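Take a look at the structure set out below.
The values are calculated or read from the model by the stated rules, or taken from the named source; none is laboratory data. Please read these numbers as outputs of a predicted model, since none were measured by experiment. Ideal geometry is used to build each Cβ from the backbone, glycine not excepted, and the neighbour counts take in all protein chains shown. Accessible surface areas use protein heavy atoms only, side chains included; no ligands, DNA or RNA. Shrake-Rupley method; radii C 1.70, N 1.55, O 1.52, S 1.80 Å.
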Amino acid sequence: MAKKILVIDDETLNLKMAEHILKNNYDVICAKSGAEGLKLLQQSEPDLVLLDLDMPHMSGLEVLERIRSDAAVADVKVVILTAQNTKTRSMELIKLGALDFISKPFIPTELLERVRKVLPAPERDRILVVDDDRMNLVIARDLLESQYDVTCVLSGEEALEYLREDTPSMILLDLHMPGMSGLEVLEKLQTIDRLKSIPVIFLTADTQKQTEVEIFRAGAMDYIQKPFTAEVVLHRVGRILELYHYQQSLQQEVDKKTAELVESNRRITNLSTQTMMALASAIDAKDKYTNGHSLRVASYSRELARRMNKSPEEVNNIYYIGLMHDIGKIGIPNEIITKPGKLTEEEFAIIRSHPAIGSEILKNISEMPDISIGARWHHERYDGKGYPDGLRGEEISEIARIISVADAYDAMTSRRSYRDMLPQSVVKTEIEKGKGTQFDPVIADCMIEMIEEDRDYQMHE
Ligand SMILES: [Fe+2]
């Protein structure tokens, strides 16, 4: 039900204008004096009062004072209409709860806009009617105006011009027009994303079956036979708009749910990343000389994968696998990891058990079954002389072959208790030497390419 506005003004012209401007969106009641206004206020319980300030007998200020002192109507919203608006008066009026001041004479759009702010009206559907016959436009407007905002244009070209700025809820489109035909207009609409879902109903005097087929093939929602029968027009327009809004709200719901899902996915992914990074830091913290090692190996591995043209998903995956490659070190006693001197045979065997321990730790992460690959095989060698399984060449997972190169690179470009990081030229030579023995030659070449591009030797601990 439309909301009610009571306009109180001693000038009939003002009342008429206000009524004309507001009647499409609200029920408007008019009063020609303060006394009549107060009476109508009791009877009709409006949602808003538009109150003229300067009236004979009883001024707007007095009316407002009476409204506020009458418990039955005291909380009604009031907006003041005024030609002269002095400061003292407005302070008094504001104290009495006047929500806004609108100057006379009204500018129609402004009046409607200001009233809408105070009293939001349910949005009316806007319908564009396109017909080259003026009479049909008049009839259509008459029929629809009480329920919808109607815009009429006389040609397809004008319709497209109007649609550049506005997106109505529906288009009633004449089929046969000089210039662009209705079908041509519809075809054009369907190429524009913003407009293609607006329901179109054709208006036609044509009764041929073939026309009907063409209309539906072109994507129209329905057609209305001319001359119009009022009931048919209102019924079809109403039914199709209802469907259109239902579809739109469904789409909005889907969009909302999708956005929520995307957000919750983003948070879960962030949580996983942060958890793995925390774990990687815990591994690296066991030895000050390996501080940041896991993060760097993960980054270098990701860059190698990118250069090997792996898919974005694989590139992303290898970062996580790289982060976790040394997790088995958690199971190795600190005194062995940080021992400054030479390791005994037995200690060395314990160190060499970290890949097996690592893959054991990670094997139950079923959501990322590949996560243990790096942990288990990053110490395998291309020539088969590595550990723990002595795999060779392509028997070793490519992911592990990549991480192995990144791991060796970081070991050489980090400080150790017994040496500083190696010069870049030495690192490059070592990678070259390892091609086909320690490293997969293709991946080693990628690493060499990265070293060569790193002119200032930025890529180190
Ligand atoms: Fe390792």
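Here are the numbers:
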quantity: Filtered residues of region 160-184 (kept if over 31 Å from the mean Cα position of the chain (by Cα) and either aliphatic (A, V, I, L, M) or in a helix (DSSP H, G or I) (or both)); calculated: Leu172, Leu173, Leu175, Met177, Met180, Gly182, Leu183, Glu184
quantity: Residue in region 294-311 that is part of a helix (DSSP H, G or I) and either in contact with a strand residue (DSSP E or B) (Cβ under 7 Å, 6 or more places away or on another chain) or farther than 16 Å from Ala406 by Cβ (or both) present; calculated: no
quantity: Selection from region 391-434 of residues that are touching a residue at least 40 places away in the same chain (Cβ under 8 Å) and of a type in the set (D, E, K, R); calculated: Glu398, Arg401, Asp407, Asp410, Arg415, Arg416
quantity: Residue list for region 143-159, restricted to those being part of a strand (DSSP E or B) and surrounded by fewer than 21 Cβ atoms within 10 Å (Cβ to Cβ); calculated: Asp149, Thr151, Cys152, Val153
quantity: Count - residues of region 321-346 that are in a helix (DSSP H, G or I), more than 11 Å from the ligand (Cβ to nearest atom) and open to solvent by 40 Å² or more (accessible area, probe 1.4 Å); calculated: 6
quantity: Failed item in (1) open to solvent by less than 70 Å² (accessible area, probe 1.4 Å); (2) within 16 Å of the ligand (Cβ to nearest atom); (3) in the same structural domain as Cys446 (by TED's automatic domain parsing); (4) part of a helix (DSSP H, G or I), with Ala280 passing the rest; calculated: (3)
quantity: Selection count where residues are among the charged types (D, E, K, R) and either crowded, with 20+ Cβ neighbours inside 10 Å or within 13 Å of the ligand (Cβ to nearest atom) (or both), scope region 347-379; calculated: 2
quantity: Test: residue in region 435-447 that is over 48 Å from the mean Cα position of the chain (by Cα), buried (at least 16 other Cβ atoms within 10 Å of the Cβ) and either not in a loop (DSSP other than H, G, I, E, B) or not β-branched (Val, Ile, Thr) (or both); calculated: yes
quantity: Positions within region 226-237 being surrounded by 12 or more Cβ atoms within 10 Å (Cβ to Cβ) and in contact (Cβ under 8 Å) with a residue 24 or more places away in the chain, in sequence order; calculated: Lys226, Phe228, Val233, Leu234, Arg236, Val237
quantity: Arg217 free of Cβ contacts under 8 Å to residues at least 12 places away in the same chain and open to solvent by 40 Å² or more (accessible area, probe 1.4 Å); calculated: yes
quantity: Restricting region 205-260 to residues that are of a type in the set (Val, Ile, Thr) and closer than 22 Å to Leu189 by Cβ, the residue that is modelled with the lowest pLDDT; calculated: Thr211
quantity: From the options Leu40, Leu64, residue that is open to solvent by less than 40 Å² (accessible area, probe 1.4 Å), closer than 23 Å to Ser90 by Cβ and at pLDDT 90 or above; calculated: Leu64
quantity: Residue in region 260-272 that is loosely packed, with under 13 Cβ neighbours inside 10 Å and over 37 Å from the mean Cα position of the chain (by Cα) present; calculated: no
quantity: Residues satisfying the stated conditions in region 410-427, i.e. under 47 Å from the mean Cα position of the chain (by Cα) and outside any loop (DSSP other than H, G, I, E, B); calculated: Asp410, Ala411, Met412, Gln424
quantity: Some residue of region 85-100 being open to solvent by less than 80 Å² (accessible area, probe 1.4 Å), hydroxyl-bearing (Ser, Thr, Tyr), without any contact (Cβ under 8 Å) to a residue 60 or more places away in the chain and in a helix (DSSP H, G or I); calculated: yes
quantity: Single match in Ser294, Ser272 (criterion: within 13 Å of the ligand (Cβ to nearest atom) and on the phi < 0 side of the Ramachandran plot); calculated: Ser294
quantity: Count of region 115-171 residues which are within 29 Å of Pro46 (Cβ to Cβ) and not aromatic (Phe, Trp, Tyr); calculated: 23
quantity: Given (1) more than 16 Å from the ligand (Cβ to nearest atom); (2) open to solvent by 50 Å² or more (accessible area, probe 1.4 Å); (3) without any contact (Cβ under 8 Å) to a residue 40 or more places away in the chain, number of the condition Arg307 does not satisfy; calculated: (3)
quantity: Condition met for Lys104 (open to solvent by 20 Å² or more (accessible area, probe 1.4 Å), closer than 26 Å to Asp149 by Cα and among the basic types (Lys, Arg)); calculated: yes
quantity: Arg124 in contact with an Asp or Glu (Cβ under 7 Å, 6 or more places away or on another chain) and part of a loop (DSSP other than H, G, I, E, B); calculated: yes
